[in-house]
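Asker: This structure is in structure tokens; I'll ask about it shortly.
Computed from the coordinates by the stated procedures, all read-outs in this text should not be read as laboratory data. Remember, it's a predicted structure, so these values are computed and weren't measured experimentally. No Cβ is skipped: glycine too gets one built from the backbone with ideal geometry, and neighbour counts run over all protein chains shown.
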Amino acid sequence: MRVALTRVGWARRKKSAANRAIEYSIALEALLSDGRTEMTHKISTRAAIILGENADERVNYRKLIKSLYTLRSKAVHGSVVNEIG
């Protein structure tokens, strides 16, 4: 829990979307990962189950988390990342 809260705090202070995505994804991994394969799938599904109150919300949260991981992946692997709202 401490790692996740620390990373959320760091993410809130980052200026670029890429760096925020990296920090938020680390926070999610600290909370929801079992350290094995299919990390994006597992974390996005687990987060959606926790956050969504119904099936539609869960689908939307899952898409949001997957988008975060796409942004994180681009940033980590050196692609240009445009700022997001």
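Asker: Size of the dipole of the chain about the Cα centre, Lys and Arg at +1 and Asp and Glu at -1 on the beta carbon, nothing else charged, in debye to 20? Walk me through the numbers on the way to the answer.
Answerer: Numbers: 16 positive and 8 negative charges, 61 e Å.
With only Lys, Arg, Asp and Glu charged at Cβ, the dipole is about 300 debye.
Asker: What's the local net charge at Leu28, with K and R +1, D and E -1, over the other residues with C-beta under 13 Å away?
Answerer: Value of the local net charge: +4.
Asker: Within the chain, which whole H helices from DSSP have a Cα span along their axis of at least 27 Å and a mean Kyte-Doolittle hydropathy of -0.5 or more, if any? Present the calculation step by step, with values, prior to reporting the outcome.
Answerer: Details: long enough: 55-76 (31 Å, -0.58).
Span-like helices in the chain: none at all.
Asker: Follow-up. Can you find, among Val8, Leu68, Asn54, the residue sitting farthest towards the positive end of the charge dipole of the chain, where Lys and Arg contribute +1 and Asp and Glu -1 at Cβ?
Answerer: Final value for the positive-end residue is Val8.
Asker: Using a cut-off of 12 Å between beta-carbons, work out the net charge of the residues near Arg13 (Lys and Arg +1, Asp and Glu -1, Arg13 not included).
Answerer: +4
Asker: Count charges around Gly52 for me, please; just the other residues with Cβ under 9 Å from its Cβ, Lys/Arg as +1, Asp/Glu as -1.
Answerer: Values: positive: Arg58, Arg62; negative: Glu53, Asp56, Glu57.
Local charge sum for Gly52: -1.
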